[in-house]
Amino acid sequence: MPPAGPQDAPEKPERLPAKETWRALYRHFRPHRGAVALGAFLTLIGSATGLAQPLAAKSLVDRLGGDDSIAGILILLTALVVLGTAIESVGAYVLERTAESVVLAARRTLIGRLLRLRLGEVERTQPGDLMSRVTSDTTLLRAVTTQSVVSAASGGLTFIATIVMMGLMDPVLLGVTLGVIVLIGGAVSLVMPKIARATERAQEAVGTISTALERAFGAFRTLKASGAEQRESAAVEAAAEEAWRHGVRSAKWQSVAWSSVGLAVQVSFLAVLGIGGARVASGAISVSTLVAFLLFLFYLIDPVSRLVEAASQYQVGSAAIARIVQAERLETEQTEQTEQMEQTKQTEKMEQAEPSEQTEPTTHAAASVVFDGVTFRYRDDLPYVHHGVSFDVPGPGMTAFVGPSGAGKTTVFGLIERFYEVSGGRVLVDGVDVREWPLAELRAAIGYVEQDAPVLAGTLRENLLFAAPHATDSEVRDVLVRARLDAVVERLPEGLDTVVGHRGSKLSGGERQRVAIARALLRKPRLLLLDEATSQLDAVNELALRDVVAEVSREVTVLVVAHRLSTVTLADRIVVMDAGKVRAVGTHAELVAADPLYGELAATQFLATSA
Ligand SMILES: Nc1ncnc2c1ncn2[C@@H]1O[C@H](COP(=O)(O)OP(=O)(O)OP(=O)(O)O)[C@@H](O)[C@H]1O
């Protein structure tokens, strides 16, 4: 069961089969195996120096009654301790550093994929939960891919070496020791899967916290206006408590595993003491052998602890890797996109270096758009949104899309941008099927202004340059004038460097929209997609917007999802959509006369918001 939290609980990660968990963890470990081997080698050397200590102690006890000086052995013992500690600390540093590199590499891979996810995939998942996989789950890989590998290797080897030494001392006592360890080890192995389960639940709850916070901050004004602070924070707190509960459960099982190590040694000690004492009394072994054996026994705590630690870290890591693999499996857009983007960047750089070669968009550059019997649904389990949509838009000029809410107008834009793939039919831009366009090239030709005109946190300049990072100052100035933003910028305390706040909260609705248009224009699009805001704008803002769009449409193909009569009357062509179909195409005058739905829309919807 996913943890209790807000309504949008994240998808529960499917459990990975053990083999796949192992393979996925190995994939993260593989590039760092050299560094891990070095760390392991140093740790082993450090441990090996420690292994000589019981031997030194044995010879010390043997000499206690005699005349030989014990100073030499004491100095040797001290030197061994110092050397061993120094080597071990270098080994620990190498491992910690490698662990951080594993986390970085995992984060890089995830970030690279997450920002290239298909839109549909993002809509299906919870961005907050996806974020927690990058920030939180990757952190859990830290230990399992480094320390636990080394702990398992060094612990295993030291364990074997110690057992061999103990066997050489007295096989009977070794048998007693192993008997106790196997008994308690068996009990510990039952506890291990519980650690993985608890960690997985705790991580799911962490994902829920991110999701809930993202939801709250994403609609902060609504949150406040609805007086929902307490309810939302209760939901986040519930998720935090859930994470705590499972975290504590994981800690409980880990501590059971850990304390079992101590228990195994204590019980072994008592057994060895009893049986060993009898063997000394019977003359089977000497006192010094019993002392050395007991020292080896205590020395066994370290390798056994390491093995238990490795096993419990593996459980924690396997919980995290399941969530990471799940995020990695989400479908991304075609891989050549990144290459294309690189190419575009290169071209932009070259253009910047040689400004004389920069050409203003010319009329013939305006793109044409054709929808040819397009059918589409957002998901296989959802009904069709487009039932054979066909229209033809030659460039340049303005084409307005009108129709009742939910008719499928915005979906037209999503398909032109190839955010989604058509189910049937074709979408052609410049006569070429969008599926045949290199994605980056297709999108470079398009300027897109979403309905809620998103403005990103940062400065106004950063917002403008978001879609065209290499635009020059004069291009920015030019676009500001065209978008009627120059006066606004002058008014702002720090001009273009004014910070606009989260989602542009320091700007008015109309200003945000013009910033979004300016941003799209700076990209020098051949096709501008403008999803008109449904909210009412004041007359000045509306007029400014109308002029901008009219001017742009002289040289660029402009498609507008129109909600205002002032926009519609300006259009060269109006496409009337209803229930996923195109029902009429014409000018305002033609449609008022010929299409009853349009006539009704014009009389009610548009007139209500006209200038
Ligand atoms: N991302 C999505 N996932 C699933 N369904 C969607 C998605 N976006 C839109 N829809 C559905 O597709 C249908 C058409 O939506 P679309 O946004 O294209 O309509 P619209 O004509 O632009 O409406 P409006 O004028 O209200 O903006 C609606 O029924 C909507 O619920």
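So for the range 23-328, averaging the separation of alpha carbon pairs under 8 Å that are six or more residues apart and normalising by length, what relative contact order in percent results? It comes to 30 percent, rounded to a whole number. Within 12 Å, Cβ to Cβ, of A407, how many net charges do the neighbouring residues add up to if Lys/Arg are +1 and Asp/Glu are -1? Counting the neighbours of A407, the net charge comes to +2. Mean sequence separation of contacting Cα pairs (under 8 Å, at least six apart), scaled by the length of the chain, corresponds to a relative contact order of 15 percent. Give the Debye-formula value of log10 I(q)/I(0) at each listed q (0.12, 0.15, 0.18 Å⁻¹), with one equal scatterer per alpha carbon of the range 175-237, two decimals each. The calculated log intensity ratios at q = 0.12, 0.15, 0.18 Å⁻¹ are -0.52, -0.62, -0.73. Per-residue extension of 0.36 nm, minus the Cα-Cα distance of D497 and I70, leaves a gain of 146.1 nm for this segment. By the beta-carbon count within 10 Å of each Cβ, the least crowded to most crowded order of Y448, Y384, Y26, fewest first, is Y26, Y384, Y448.
Its Cα gyration tensor gives the range 545-606 an equivalent ellipsoid. The semi-axes, each the square root of 5 times an eigenvalue, are 21, 12, 10 Å from largest down. Here the label points at L157 and Y384, each 7 Å from Cα along the C-beta direction, are separated by 6.7 nm in the simple model.
Near F293: Cβ cut-off under 15 Å, other residues only, Lys/Arg at +1 and Asp/Glu at -1. The net charge is 0.
Short-range pairs are left out: with C-alpha atoms under 8 Å and at least six residues apart, the relative contact order of the range 234-306 is 36 percent. Where Rh denotes the Kirkwood radius from the mean inverse Cα pair distance, what is Rg over Rh for the range 366-609? Rg/Rh: 0.97. Translational diffusion of the range 188-285 was estimated from the Stokes-Einstein equation, with Rh taken as the Kirkwood radius over Cα pairs; at 10 °C and 1.306 mPa s the coefficient is 92 µm²/s.
With helices as the sole contributors, the chain gives -20500 deg cm²/dmol at 222 nm; each DSSP H run of n ≥ 4 counts as -39500 (n - 2.57), and the sum is divided by every residue.
Mean Kyte-Doolittle of at least 0.0 plus a Cα span of 27 Å or more along the axis: flag which DSSP H helices in the chain meet both, please. Qualifying helices: 33-63, 71-114, 147-169, 171-218, 229-281, 301-328.
Look at the dipole of the chain built from charges on Cβ: of P396, Q126, V576, the Cα furthest out on the positive end belongs to Q126. At the listed q of 0.12 Å⁻¹, the Debye profile of the range 45-183, built from one uniform point per Cα, gives log10 I(q)/I(0) equal to -0.73. Of I321, I446, I111, I70, the sequence from fewest to most neighbouring Cβ atoms within 10 angstrom is I111, I70, I446, I321. Among L25, L115, sorting on how many other beta-carbon atoms sit within 10 Å of each Cβ, with the fewest leading, yields L115, L25. Rg then Dmax, both in Å and based on the Cα atoms of the range 23-328: 25.3, 90. With the charge dipole of the range 363-481 set up from +1 on Lys and Arg Cβ and -1 on Asp and Glu Cβ about the Cα centre, the Cα lying farthest toward the positive end among the listed residues Y448, H386, A468 is that of H386. Counting Lys and Arg as +1 and Asp and Glu as -1, what is the net charge of the other residues whose Cβ lies under 14 Å from the Cβ of V150? Result for the local shell: 0. One compactness figure for the chain is 1.38, namely its Cα radius of gyration divided by 2.2 N^0.38 Å.
Bear in mind these aren't lab numbers, they're just calculated from the coordinates by the rules spelled out. Just so it is clear, the structure is predicted and the values come from calculations on it, not from any experiment. Glycine gets a Cβ as well: all are built from the backbone with ideal geometry, and neighbour counts include every protein chain shown.
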